1. Report every pair of residues separated by at least 6 positions or lying on different chains whose Cβ atoms are under 8 Å apart, first residue within region 1-14 and surrounded by fewer than 10 Cβ atoms within 10 Å (Cβ to Cβ), second modelled with pLDDT under 95.
2. Of everything in region 1-43, what is touching a Cys at 6+ places or on another chain (Cβ under 9 Å), under 29 Å from Phe63 (Cα atoms) and either assigned to a helix (DSSP H, G or I) or modelled with pLDDT of 95 or more (or both)? Give them in sequence order.
3. Looking at (1) surrounded by 11 or more Cβ atoms within 10 Å (Cβ to Cβ); (2) over 10 Å from the mean Cα position of the chain (by Cα); (3) within 27 Å of Val5 (Cβ to Cβ), which one does Arg41 not meet, given that it meets all the others?
4. Out of region 1-49, which residues are closer than 22 Å to Glu67 by Cα and among the hydrophobic types (A, V, I, L, M, F, W, C)?
5. Out of Asn46, Asn54, I need the residue that is assigned to a loop (DSSP other than H, G, I, E, B) and surrounded by 10 or more Cβ atoms within 10 Å (Cβ to Cβ). Which one?
Amino acid sequence: MEVSVKSVQIIATESGLPESLVERHLDALCTMSIRTRISERKMCLNKIRAWYFNKDKNKPQLFEVLEDK
């Protein structure tokens, strides 16, 4: 999985972090964004897996399952 350094800088400055803080901790911010993406992907995969193996007669639509957080 790749994370663009420029995109992390843009997101961090748009979030209100000072430019000096972003420059100092750019590696940590990139690592945080990668870990956040991995966690989100794992959560979605688990929801899809649970939906797939659900044997209920009134099984909800897949997109309804993914919208619930």
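The values are calculated or read from the model by the stated rules, or taken from the named source; none is laboratory data. Source: prediction; values computed, not measured. For neighbour counting, all protein chains shown are included, and Cβ atoms are generated from backbone atoms with ideal geometry for every residue, glycine included.
1. Cβ pairs passing all conditions: Met1/Ile34; Met1/Arg37; Met1/Ile38.
2. Answer for region 1-43, where residues must be touching a Cys at 6+ places or on another chain (Cβ under 9 Å), under 29 Å from Phe63 (Cα atoms) and either assigned to a helix (DSSP H, G or I) or modelled with pLDDT of 95 or more (or both): just Val8.
3. So Arg41 meets the others, but not (2).
4. Of everything in region 1-49, those that are closer than 22 Å to Glu67 by Cα and among the hydrophobic types (A, V, I, L, M, F, W, C) turn out to be Ile34, Ile38, Met43, Cys44, Leu45, Ile48.
5. None of the other options fit; the residue is Asn54.
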